[in-house]
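Contents: one structure, followed by commentary.
The values are calculated or read from the model by the stated rules, or taken from the named source; none is laboratory data. Since the model is a prediction, treat every value here as computed from it, not as a measurement. As a convention, Cβ positions derive from the backbone with ideal geometry for all residues, glycine included, and neighbour counts pool all protein chains shown.
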Amino acid sequence: MRRPATADLLAASYAYFEADVGPIAPEVAAALPCFVWDMDRLRGYPAPVRSLPLTTVRHFLDAPVWRRAGGRPFTLSPTEVVAAPARHRAHHEQAMRADLSFPIDLIDCADGRRLADGYHRLLKATVIGEEEILARLIPEAAIPLVLADLATMPPPRGGARSA
């Protein structure tokens, strides 16, 4: 059995992602990789760690990549958490506990760089006034190596979102 081409793998993963969470807003698509990645594969990918100026990644904080307490996914941005930490206590506390010695993971996609992992670390670095953050840059060519195996994933929720 032949392994599907990278474009086929990405198309299937994107379709699963959208079937699972529903339509993807443009501001979310510009921030998150819109495919299903495997965290173990992502963290195991041998990308070098480097220091990046926060100014080059801070824009990711404006995207609604989180779920409001008891709400739908992709409705809360890290910027909103900073503006109202008491209202979004869980995310704020998680950000303040984040370990900045652990790098964020950026993936270079065909249409731009996306932040796959590290939103809480990025938020903490911004809040405490850091000027740089540790990051791993995953090249576009490595995307097939970090994709989740869709055959092992639960069925998509059909775009179902909790209210």
Go through segment 100-123 and count every residue that is touching a strand residue (DSSP E or B) at 6+ places or on another chain (Cβ under 9 Å) and either charged (D, E, K, R) or in contact (Cβ under 8 Å) with a residue 60 or more places away in the chain (or both).
10
Would a scan of segment 67-85 turn up a residue that is more than 13 Å from the chain's Cα centre (by Cα), modelled with pLDDT of 95 or more and assigned to a loop (DSSP other than H, G, I, E, B)?
yes
Return the residue satisfying two criteria in turn: it lies in segment 56-65 and is part of a helix (DSSP H, G or I) and among the hydrophobic types (A, V, I, L, M, F, W, C), and of such residues it is surrounded by the most Cβ atoms within 10 Å (Cβ to Cβ).
F60
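Considering only segment 4-20, I want to know if a residue exists there that is in contact (Cβ under 8 Å) with a residue 12 or more places away in the chain and assigned to a strand (DSSP E or B).
So the first thing to find is which residues in segment 4-20 are in contact (Cβ under 8 Å) with a residue 12 or more places away in the chain, and the list is 6, 9-10, 12-14, 16-20.
Filter once more, keeping what is assigned to a strand (DSSP E or B): none.
No, there is no match, as no residue in segment 4-20 is in contact (Cβ under 8 Å) with a residue 12 or more places away in the chain and assigned to a strand (DSSP E or B).
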Of the numbered conditions (1) surrounded by fewer than 19 Cβ atoms within 10 Å (Cβ to Cβ); (2) in contact with a strand residue (DSSP E or B) (Cβ under 6 Å, 6 or more places away or on another chain); (3) basic (K, R); (4) farther than 18 Å from I24 by Cα, R68 satisfies every one except a single condition; which is it?
(4)
List, please: which pairs have Cβ atoms under 8 Å, are six or more places apart or on different chains, and start with a residue in segment 30-55 that is surrounded by fewer than 17 Cβ atoms within 10 Å (Cβ to Cβ) and end with one that is among the hydroxyl-bearing types (S, T, Y) and part of a helix (DSSP H, G or I)?
L54/T126
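For (1) modelled with pLDDT under 95; (2) of a type in the set (A, V, I, L, M), each residue gets a yes or a no:
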residue: R121; (1), (2): no, no
residue: V127; (1), (2): no, yes
residue: A135; (1), (2): no, yes
residue: D149; (1), (2): yes, no
